[in-house]
1. Go through the stretch 94-112 and give me each residue that's of a type in the set (Val, Ile, Thr) and either assigned by TED's automatic domain parsing to the domain that holds Ala151 or closer than 15 Å to Gln148 by Cβ (or both).
2. Give the stretch 211-244 a look and list any residue that's under 30 Å from Ala167 (Cβ atoms) and either free of Cβ contacts under 8 Å to residues at least 24 places away in the same chain or of a type in the set (Asp, Glu) (or both), or say none.
3. Can you pull out every residue in the stretch 125-156 that is over 15 Å from Val198 (Cα atoms) and either in contact with a helix residue (DSSP H, G or I) (Cβ under 7 Å, 6 or more places away or on another chain) or not in a loop (DSSP other than H, G, I, E, B) (or both)?
4. Could you please tell me which pairs satisfy a Cβ distance under 6 Å, a separation of 6+ or placement on different chains, a first residue in the stretch 185-203 that is charged (D, E, K, R), and a second residue that is surrounded by fewer than 17 Cβ atoms within 10 Å (Cβ to Cβ)?
5. Within the stretch 24-124, which helices (runs of 4 or more DSSP H) (wholly inside it) include 1 or more residues that are acidic (Asp, Glu) and surrounded by 11 or more Cβ atoms within 10 Å (Cβ to Cβ)?
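The values are calculated or read from the model by the stated rules, or taken from the named source; none is laboratory data. Here the structure is a predicted model, which means the values were calculated and not measured. Note that we place each Cβ from the backbone using ideal geometry, even for glycine, and neighbour counts take in every protein chain shown.
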Amino acid sequence: MSEFERLVGIMRKLRAPDGCPWDRKQNHKSLIPYLLEETYEVIDSIEDGDMNKLREELGDLLLQIVFHSQMASEEGSFNIEDVARSISEKLINRHPHIFKQKAELTPDEVTHNWEQIKLREKEDKSESALSGIPRTAPALLRAFRLQQKAARFGFDWEKWQDVLVKAEEEIRELQEAIESSSTEKIEEEIGDLLFAVVNLARFFEIDPETALNHMNKKFIDRFRYVEKKLAQNGKSLNDSNLEEMDSFWNEAKMRSRDSDQ
């Protein structure tokens with residue numbers, strides 16, 4: 001018995017009538033938070049470069065897939081074999097340059113072919129080329145993927161300088177919206193600006209979600225430094241003022257730059 005078969009068997013036993021009450025109580029919707037959490041923990045382990053943690057977190061994520069498949073099997077919808085078969089067939093069909101007629105393609109050509117084949121596979125031919133991107137995905141990621149998909153069909157800026165000009169235009173329009181004091185207009189223009197910045201990141205093959213997460217970490221590190229310096233002076237955030245906190249913040253920035261060099 002393979003380890004994968006062992007895992008499937010364990011999950012089947014946990015869901016059996018005499019199995020675990022907690023596991024038996026779950027359904028597809030109740031497991032959504034765990035699926036998201038495990039996915040983010042996989043990402044964290046990749047960001048940390050911790051391979052032992054990655055192995056463990058991938059196992060936790062795999063458990064979620066097996067869990068959903070077991071519940072679907074009990075409902076008579078599909079089982080884990082169907083899941084594996086589906087992705088295997090998809091991979092073979094979308095890699096004709098490997099499994100059919102061998103061809104030397106660039107990564108960009110492979111991506112373009114993938115999208116073309118994906119369109120041909122759609123049962124509903126009226127469905128948009130932009131479909132398939134989860135509505136519940138983080139907004140930055142969703143914007144990135146929408147732009148990627150459109151670009152693969154030639155709907156794109158010619159060069160990054162054009163995107164930068166667009167972003168500058170959006171900043172001016174945001175300033176006008178702020179002057180108008182229209183909250184609705186300000187929200188719209190902030191959305192336009194964020195979309196333009198995501199586009200700029202895409203041109204440099206930078207994942208905006210990753211870039212923002214790095215900035216979040218940087219902000220946390222620097223803010224904690226401010227808290228630490230205040231504590232050393234016998235103060236808390238409530239005892240300080242913006243000028244003092246800003247001074248320590250700039251100090252944290254300089255330390256960060258020195259360590260990078």
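1. Within the stretch 94-112, Val110, Thr111 qualify.
2. If the condition is that a residue be under 30 Å from Ala167 (Cβ atoms) and either free of Cβ contacts under 8 Å to residues at least 24 places away in the same chain or of a type in the set (Asp, Glu) (or both), then Ala211, His214, Met215, Asn216, Lys217, Phe219, Ile220, Asp221, Leu242 are the ones that fit.
3. Ala129, Leu130, Ile133, Arg152 - these are the residues of the stretch 125-156 that are over 15 Å from Val198 (Cα atoms) and either in contact with a helix residue (DSSP H, G or I) (Cβ under 7 Å, 6 or more places away or on another chain) or not in a loop (DSSP other than H, G, I, E, B) (or both).
4. That search, which allows pairs on different chains as well, returns Glu189/Glu173.
5. 32-48, 51-75, 80-93, 107-121
Yes/no matrix, rows are residues, columns are (1) basic (Lys, Arg); (2) modelled with pLDDT of 95 or more; (3) in a helix (DSSP H, G or I); (4) not assigned by TED's automatic domain parsing to the domain that holds Arg255:
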position	(1), (2), (3), (4)
Glu158	no, no, no, yes
Glu168	no, yes, yes, yes
Arg172	yes, yes, yes, yes
Gln175	no, yes, yes, yes
Glu187	no, yes, yes, yes
Leu194	no, yes, yes, yes
Val198	no, yes, yes, yes
Lys218	yes, no, yes, no
Asp221	no, no, yes, no
